[in-house]
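First the structure, in the form of structure tokens, and then the observations on it.
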Amino acid sequence: MHELSVCQAMLTQVTDLAREQRANTVHKIVLRVGPLAGVEPGLLRQAFPLASAGTLAEAAELVIEELPLRVRCETCGAESVAQPNRLVCGACGDWHTRLVSGDEMLLASVELSREEEDACVKPAAAM
Amino acid sequence: MCETCGCNVTPGNAHLAHTPDTRGRTAVTVLKDLLSANDREAAHNRAHFDEHRVLALNLMSSPGSGKTLLLEATIEALKDEFRIGVIEGDLETENDAERIRAKGVPAVQITTGSACHLDAHMVHGALHHMQLADIDILFIENVGNLVCPASFDLGQHRNITLLSVTEGDDKPAKYPVMFRAADLVLLTKTDLLPALDDFDPARAEHCLRQLANPAPALRLSAKKKLGLGAWFDWLRHEVAEQRARANKGQTLRPAVQPDGARLHTEMGHAPAAGRYLYRSI
């Protein structure tokens, strides 16, 4: 559904960064996505070739690191693993918890090569 | 401090930062939310709202849960008390905006074509057709969808999620991202409860608490004018709070924003916005 727009937003960030770095090729994009981010890693992977066609990231490898879902209990202080629809404390069962990890949707890192480092120098393609 | 490049290294990226330089490539650690461009535009919208002391509310739900009917009933009851404006989001048609205009308040229709949600950019475009100085409460009726709208900040101050009793009381368990984002849950069409013995409002509320969400869950029927008082009181309270915040130059984002993303980007681990961590690999 909205994974294509998320993917396009990500690619805008990546290609802006590549241009800022005077890079002509993006080799690898690493994302970190939690189960409560509202994006589906499988659909993001499917959207990527469509969204990246004709950009500097066209040939890039997309790596999606899936993050664990963890909550901290505001009542007993314990930190525990949770499920997307069951964010209660694993120790005492209270629902007054805060998410420690699991709703992230982050561009973690980008691997690119700069024009002067690349054997085949091409002008940066417009996105 | 990283001895290789002299930049910040976090426990999460230390193993990357020390990878030897082998391929003449540069890796840039970014750690920015994928939707940061949308979030920036949302913050811009929110600044417009705050400047004009407008309370902006994002209404989300399945299609057909009664968002527009609730707005009609709300306008009828409160239009002498508050100046109301509405932004309507649908894939096609001007129908909802026309229904709202028929009640005598300004409405801008956003037709998204095939997009399943509103985003901050679309809302910003709609704001150019509204006079914020003449509005106390701006309702943004999102595209009917329990999935995608939850991921896009529009600049609103509060999220309201409707759940009609015809839909099933386990919806919060099935759509946790949406219901976790709610600052207020409205159980709608409760006049139908006597005919729907398989919907238990207490069970719906239990599913909501399982998401660690303390949001109030109000029961109402816009059609039969049942339970609307508590909803109107919530609105009055929020308008007063928004005016108090605006007077102090403060603002508010909906209760649930990506806490994890904030932890990674603002609380000391990662480079500040606009600064990146570079390394050669």
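Details
- Of all residue pairs spaced 6 or more apart or on separate chains, those with beta-carbon atoms under 8 Å, a first member in region B:229-243 that is in contact (Cβ under 8 Å) with a residue 24 or more places away in the chain and a second member that is of a type in the set (G, A, S) are B:F232/B:A77.
- Scanning region B:166-190 for residues that are within 14 Å of another protein chain (Cβ to nearest Cβ) and touching a strand residue (DSSP E or B) at 6+ places or on another chain (Cβ under 7 Å) yields B:K171, B:M178, B:F179, B:A181, B:A182.
- Residue check for B:R219: within 13 Å of chain A (Cβ to nearest Cβ), over 22 Å from B:E51 (Cα atoms) and charged (D, E, K, R): no
- Any hit, region B:104-117, residues being within 15 Å of B:Q156 (Cα to Cα), touching a Leu at 6+ places or on another chain (Cβ under 9 Å) and among the aliphatic types (A, V, I, L, M): no
- Being in contact with a His (Cβ under 6 Å, 6 or more places away or on another chain) and touching a residue at least 24 places away in the same chain (Cβ under 8 Å) is a property that B:L132 has.
- Qualifying residue in region B:144-165 (condition: more than 14 Å from chain A (Cβ to nearest Cβ) and farther than 23 Å from A:G38 by Cα): yes
- Extreme residue, farthest from the other protein chains (Cβ to nearest Cβ), among residues of region B:131-142 that are in contact with a strand residue (DSSP E or B) (Cβ under 8 Å, 6 or more places away or on another chain) and outside any loop (DSSP other than H, G, I, E, B): B:D134
- Residues of region B:116-132 satisfying the condition of being farther than 20 Å from A:V39 by Cβ and surrounded by 15 or more Cβ atoms within 10 Å (Cβ to Cβ): B:V123, B:H124, B:A126, B:L127, B:M130, B:L132
- If the condition is being more than 15 Å from A:Q8 (Cα to Cα) and assigned to a strand (DSSP E or B), then region A:55-76 contributes A:E61, A:V63, A:I64, A:E65, A:E66, A:R70, A:V71, A:R72, A:C73.
- Residue identified as within 7 Å of chain B (Cβ to nearest Cβ), in contact (Cβ under 8 Å) with a residue 40 or more places away in the chain and within 22 Å of A:S5 (Cβ to Cβ) among A:E104, A:E111: A:E104
- Test: residue in region B:38-60 that is at pLDDT below 95, out of contact with any Pro (no Cβ under 6 Å at 6 or more places or on another chain) and not in a helix (DSSP H, G or I): no
- Helices (runs of 4 or more DSSP H) lying entirely in region B:143-250 (those with 1 or more residues that are touching a Phe, Trp or Tyr at 6+ places or on another chain (Cβ under 6 Å) and not hydroxyl-bearing (S, T, Y)): B:171-174, B:201-209
- Checking B:P20 against (1) more than 25 Å from A:C7 (Cβ to Cβ); (2) surrounded by fewer than 17 Cβ atoms within 10 Å (Cβ to Cβ); (3) at pLDDT 90 or above, the condition it does not meet: (3)
- Filtering region B:106-124 to residues that are over 17 Å from the mean Cα position of the chain (by Cα), farther than 26 Å from B:E81 by Cα and either at pLDDT 95 or above or away from chain A (no Cβ under 14 Å) (or both) leaves only B:T111.
The values are calculated or read from the model by the stated rules, or taken from the named source; none is laboratory data. From a predicted model like this one, the values you see are computed outputs, not experimental measurements. Cβ coordinates were reconstructed from backbone atoms using ideal geometry, including for glycine residues, and neighbour counts include every protein chain displayed.
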